[in-house]
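Here's the structure we're looking at; comments come further down.
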């Protein structure tokens with residue numbers, strides 16, 4: 001009952017909460033501690049704003065937590081929004097917060113070849129080895 005009441009309170013306020021220090025921490029805790037069906041609305045409310053959230057001081061932390069913990073495929077729309085295309089990925093990596101999101105995506109990618117496919121690039125083993133060290 002308490003979790004349901006909390007989720008009801010958070011529903012419709014994800015963007016607002018993600019942009020504040022305390023709100024983003026509440027969202028991150030939900031993602032870390034609750035089963036994915038329970039917090040799925042957080043992902044849905046961030047959809048369409050993934051690229052913007054990746055460059056935000058607090059919202060990027062919510063994305064990082066989602067990319068670290070969400071089951072494979074659940075955050076696919078957000079991943080695609082964040083990565084976009086090669087040009088936006090370069091821009092993302094130049095951004096202080098975006099670079100953290102990209103590093104999290106890279107580190108938590110279940111299959112780096114899938115991430116490379118989204119980026120539209122081929123990643124050599126040398127680059128992959130270099131990144132991991």
Checked against (1) without any contact (Cβ under 8 Å) to a residue 12 or more places away in the chain; (2) in contact with a helix residue (DSSP H, G or I) (Cβ under 6 Å, 6 or more places away or on another chain); (3) surrounded by fewer than 19 Cβ atoms within 10 Å (Cβ to Cβ), residue 11 satisfies every condition except (1)
Within region 4-43, residues more than 17 Å from the chain's Cα centre (by Cα), over 21 Å from residue 68 (Cβ atoms) and in a helix (DSSP H, G or I) come out as 4, 5, 6, 8, 9
Checked region 44-75 for anything within 15 Å of residue 104 (Cβ to Cβ), in a helix (DSSP H, G or I) and free of Cβ contacts under 8 Å to residues at least 40 places away in the same chain; matches are 46, 50, 53, 61, 65, 66, 69
Of the conditions (1) closer than 24 Å to residue 94 by Cα; (2) surrounded by fewer than 17 Cβ atoms within 10 Å (Cβ to Cβ); (3) at pLDDT below 95; (4) in contact with a helix residue (DSSP H, G or I) (Cβ under 7 Å, 6 or more places away or on another chain), the single one that residue 38 does not satisfy is (1)
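The values are calculated or read from the model by the stated rules, or taken from the named source; none is laboratory data. Keep in mind it's a predicted model, so treat the numbers as computed, not measured. We place every Cβ from the backbone using ideal geometry, glycine too, and count neighbours over all the protein chains shown.
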